Amino acid sequence: MAISKPRRIAAFTALWRAVAQSSRPGAPSASERLRALPRMLRGAVTGRYPALSRARLGLIGLALAYLVSPIDLLPEAFLPLVGLADDGVIALWLGGAFLAETERFLAWERQQSTIVDAPPA
């Protein structure tokens, strides 16, 4: 199944926006984002971090499974360009989701520490 052109454009646009925002001054580094990933996943699964729903986690998991799955090799075997295009769109979406979700989580984490560290009124 081929990915429609509007979906590809939307995936590229979302990734471009996420990359542009992640390269601004003061944005978290790639290593900071990677270190935050286990905390974000743990917080989302336990419900402590409500901004990342289990449905979104499921989509991310399905996308990862699709990319590493041997079933994904079938489109490449018969229609190489289509097979690579669908992998590219999914990889772009995952990259954009990673950048957007880690950005949101790190901002949420900073806000939580400010609230917790604030002196009692």
Revision key, fill the gap. Over region 38-50, the set of residues within 14 Å of the chain's Cα centre (by Cα) and open to solvent by 50 Å² or more (accessible area, probe 1.4 Å) is P38, L41
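Kindly evaluate V68 against the criterion of being farther than 27 Å from Y49 by Cα and either surrounded by 15 or more Cβ atoms within 10 Å (Cβ to Cβ) or in contact with a His (Cβ under 8 Å, 6 or more places away or on another chain) (or both).
Values: farther than 27 Å from Y49 by Cα: yes; either surrounded by 15 or more Cβ atoms within 10 Å (Cβ to Cβ) or in contact with a His (Cβ under 8 Å, 6 or more places away or on another chain) (or both): no.
Answer is no for this residue.
The values are calculated or read from the model by the stated rules, or taken from the named source; none is laboratory data. A quick note: this is a predicted structure, and the numbers were derived from the prediction, not measured. Quick reminder, even Gly has a Cβ in these numbers, built from the backbone with ideal geometry, and neighbours come from all protein chains shown. Note: areas computed on protein heavy atoms with side chains; ligands, DNA, RNA excluded. Shrake-Rupley method; radii C 1.70, N 1.55, O 1.52, S 1.80 Å.
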